[in-house]
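Some notes on the structure that comes next.
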Amino acid sequence: MSTSLPARAKALRDRLVTLDQMGTNVAEASLLEDLRSDLAAPAAEFSRALDQRTLLVDSGIAGAAPASLDAARKRAAALLEKFAAEKKAATLKKGVGWANLVRDIKAASSDVGTMMVKTWKAYRQEMFTGDAPGIVKGRIAFTPTNDTAFKRYEQLHQAFRAEFDRLPADRAAIERVRSLAEELTETAKAFDYNVPAEVKRFLEAVQSGGATLDLLTDTVKTWLTDNDAFPSYRIVPR
């Protein structure tokens, strides 16, 4: 027995409804994908900033969280609650909530990044408060011991300073900074600042290109002899 006309009409109607729903779902999915694309880049940058902050905090390097971070979190939580109740793109786009969320995420990302740079720079002063090589150089006499220590100090200080030109990539970078700071502190202890003024002038002149004979006083000769440094020097004509 053939299907009745009413039955065929109902079946056709059901198929049309199904096709309409499929079209609606495709359109809705497209709208949601557009919103996802809007948020992708800001969210990725925000995630990187938060990962950097987590790295510093977990390493014991405290840094205050900017107010914009809490604002972005609250904005996201509010929109998520609304979307959970009605999962449609229109829910997210209603009013200015979505535009404000994107704005707040960008602001929070920038603020967290700026705060982390300041925190990292401040950590440098916390880890090592010793003088720069240029200052140390003007305060010590370049005895053989001081000369060796200074070269090591200058090398370590340059490496230490370079670590703060950028944020640390991982925990190993932070541990490297701590190790450099410890080495700098120990190397600085090797400097001997207690030398006679005449000796200091003589050694500074030697480092600057050569000392004249009038600087080779009895005090200098005695000091060089007592410190087993006398054989390291010789008189040559200019």
Partner aspartates and glutamates whose C-alpha sits under 19 Å from that of K93, ignoring same-chain residues fewer than 8 away, are E28, E33, D34, D38, E81, D104
Over all pairs of different Cα atoms in segment 142-234, the reciprocal of the mean inverse distance gives a Kirkwood radius in Å of 15.4
Computed Rg/Rh for segment 66-171 (Cα atoms; Rh = Kirkwood radius) stands at 1.37
If every Lys and Arg gets +1 and every Asp and Glu gets -1 at its Cβ, then about the Cα centre segment 88-238 yields a dipole, in debye to the nearest 20, of 1240
Computed on Cα atoms, the radius of gyration and Dmax of segment 47-94 in angstrom are 15.1, 44
Rounded to whole Å, √(5λ) for the Cα gyration tensor eigenvalues of the chain, largest first, gives 76, 16, 13
Protection proxy (average C-beta count within 10 Å per residue), highest first, orders 198-206, 36-44 as 198-206, 36-44
Per-residue ellipticity at 222 nm attributable to helices in the chain (runs of n ≥ 4 DSSP H, -39500 (n - 2.57) apiece, nearest 500 deg cm²/dmol) works out to -24500 deg cm²/dmol
Taking a probe of 1.4 Å and leaving out DNA, RNA and ligands, segment 79-120 shows per residue an accessible area in Å² of 59
Simple SL model, points at 7 angstrom along Cα→Cβ for F230 and S30; separation in nm is 9.6
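The values are calculated or read from the model by the stated rules, or taken from the named source; none is laboratory data. Note that the structure is a prediction, hence the values are computed from the model and not measured. Virtual Cβ from ideal backbone geometry, glycine too; neighbours counted across all protein chains shown. All accessible areas refer to the heavy atoms of the entire protein, side chains included, with ligands and DNA or RNA removed. Shrake-Rupley method; radii C 1.70, N 1.55, O 1.52, S 1.80 Å.
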